[in-house]
Amino acid sequence: MEYLIKNAIIVDAKSDHHLQKRDILIENGIITNIDSTIKVSDKSKVIELVNLHVSAGWFDSSISFGEPGFEERETIANGLKTAAYSGFTDIILNTNTNPVPDNKGAIRFIKSNGDKAATSIHPAGTFTQSADGEHLAELFDMSQDGAVSFYDYKKPIKNPNLLKIGLQYTQRFDAIVQSFPLEASISPKGIVNEHINSTQLGLKGVPSLSETLQISRDLAILEYSGGRLHIPTISTSKSVALIRDAKKNGLNVTCSVAAHNLYLTDDELHSFDTSYKLTPPLRTKEDIKALIKGVKDGTIDMVTSDHNPIDVENKNLEFDHASYGSIGLESCFGTILSKLDLETAINALTKQSQFNLKSSGVEKGSIASLTLFNPSIEWTFSTSDILSTSHNAAMLGKKLTGRAYGIFNNKKLALHKL
């Protein structure tokens with residue numbers, strides 16, 4: 001089928017058409033023409049939207065759904081539809097399922113359940129068997145069947161020797177190991193940021209030291225062993241400084257930050273709303289300032305929604321007992337663009353290559369993998385905007401700037417009516 005995108009401002013720093021208003025013709029999934037005006041033919045499906053902007057497809061490196069095992073939270077099918085309407089052409093699915101994907105059969109199941117969607121699903125495999133932190137999982141076999149990284153979701157790699165061996169072993173097939181930045185023994189019962197608010201509210205704190213201690217250790221191991229290390233969802237100013245120095249020293253390390261950690265501080269905790277019970281926890285204004293600077297200067301490679309649906313039975317509890325996590329796909333772009341300029345935001349959302357995933361630009365002859373959005377719309381995120389099955393949303397009620405219309409990817413158009 002032929003699609004004609006009309007009067008779209010292209011946001012792609014690598015494109016000859018960057019920040020120019022153009023028509024884009026797509027035939028059989030390929031961009032065949034980009035011009036100031038392209039004549040509409042009888043066989044064209046025309047896409048013309050208010051203040052339409054188009055960029056290379058967005059990528060989210062940390063997504064949880066539920067299936068298999070927690071389908072009441074989110075199925076793969078509905079999760080991928082939510083991702084598409086939120087502007088994401090590619091997502092990495094976390095190992096936050098039951099059973100966890102620690103073998104090639106589990107990887108195949110995930111890929112087969114998402115192979116007909118507009119959004120491409122790229123599963124992570126667990127780093128250890130059953131994500132128990134004891135023995136390496138079938139890393140090579142999983143990589144052969146499509147696992148793009150190895151990660152025991154939200155669990156730190158406690159054994160330093162296991163991380164060393166994993167980083168050495170995965171060099172044979174150029175794979176990425178993810179290590180969650182938390183030294184849990186420094187705050188065994190902590191649930192929120194250790195600061196003035198935790199003291200006032202009587203909630204046990206998680207000091208920034210628990211994050212930076214783990215990062216320091218992991219970077220030292222990386223320097224010794226080599227390999228490729230990704231540190232997901234950092235949250236402190238010290239973490240940014242540590243990773244900035246590591247990159248200057250030539251270490252092959254990447255990192256991400258959750259969108260809500262760029263926007264929300266631990267002041268939100270005064271409501272005792274369990275939507276703000278997150279890991280890593282919400283930190284301070286000073287941390288947010290450092291994180292934003294880290295995104296702008298490239299120390300932080302990508303921003304993620306860190307989408308994690310939780311059913312009401314596990315979220316609507318007393319704060320101490322509620323599960324960690326928030327959905328974030330629907331509000332992700334608006335959250336990011338509320339804190340970053342447009343070009344920086346798009347750059348932080350298009351880093352597929354960091355995970356060995358192909359990224360197509362907005363150029364004639366390229367595969368059409370595009371996100372369509374309006375960067376100037378101002379809106380307040382409400383329950384009516386939630387497409388996910390679960391409604392545990394930390395950004396509810398927040399004023400945001402910018403919103404996705406949808407995507408064109410895998411020869412499919414997925415547009416959400418705003």
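Filtered by the rule that a residue be of a type in the set (F, W, Y) and either open to solvent by less than 60 Å² (accessible area, probe 1.4 Å) or touching a strand residue (DSSP E or B) at 6+ places or on another chain (Cβ under 9 Å) (or both), the range 110-150 gives F127, F150.
Do we find that N51 is open to solvent by 10 Å² or more (accessible area, probe 1.4 Å), over 24 Å from L370 (Cβ atoms) and over 13 Å from the mean Cα position of the chain (by Cα) in this structure? For N51, the condition - open to solvent by 10 Å² or more (accessible area, probe 1.4 Å), over 24 Å from L370 (Cβ atoms) and over 13 Å from the mean Cα position of the chain (by Cα) - is not met. If you check S390 against the conditions, is it within 29 Å of D273 (Cα to Cα) and surrounded by fewer than 16 Cβ atoms within 10 Å (Cβ to Cβ)? Spelling it out, it is not the case that S390 is within 29 Å of D273 (Cα to Cα) and surrounded by fewer than 16 Cβ atoms within 10 Å (Cβ to Cβ). The test for being within 16 Å of K412 (Cα to Cα) and aliphatic (A, V, I, L, M) does not hold for L52.
Of all the residues in the range 329-370, those that are over 15 Å from I292 (Cα atoms), open to solvent by 10 Å² or more (accessible area, probe 1.4 Å) and under 17 Å from the mean Cα position of the chain (by Cα) number 9.
A single member of I9, I24, I34, I5 is of a type in the set (A, V, I, L, M), part of a strand (DSSP E or B), over 18 Å from G365 (Cα atoms) and touching a residue at least 24 places away in the same chain (Cβ under 8 Å), and it is I9. A count restricted to the range 270-283 and to residues that are surrounded by 23 or more Cβ atoms within 10 Å (Cβ to Cβ) and farther than 19 Å from V312 by Cβ stands at 4. Screening the candidates T97, T37 for the property of being among the hydroxyl-bearing types (S, T, Y) and closer than 22 Å to N374 by Cβ yields one hit, T37. Remark: pairs (first residue in the range 132-151, farther than 14 Å from V177 by Cα and assigned to a helix (DSSP H, G or I); second residue modelled with pLDDT of 95 or more and of a type in the set (V, I, T); Cβ separation under 7 Å; 6+ apart in sequence or on different chains) are absent. Residues of the range 1-48 that are exposed (fewer than 15 other Cβ atoms within 10 Å of the Cβ) and touching a helix residue (DSSP H, G or I) at 6+ places or on another chain (Cβ under 8 Å): A13 alone.
The values are calculated or read from the model by the stated rules, or taken from the named source; none is laboratory data. None of these values were measured; they are calculated from a predicted model. In this analysis, Cβ positions are derived from the backbone assuming ideal geometry, glycine residues included, and neighbour counts consider all displayed protein chains. Heavy atoms of the whole protein, side chains included, go into the accessibility calculation; ligands, DNA and RNA do not. Shrake-Rupley method; radii C 1.70, N 1.55, O 1.52, S 1.80 Å.
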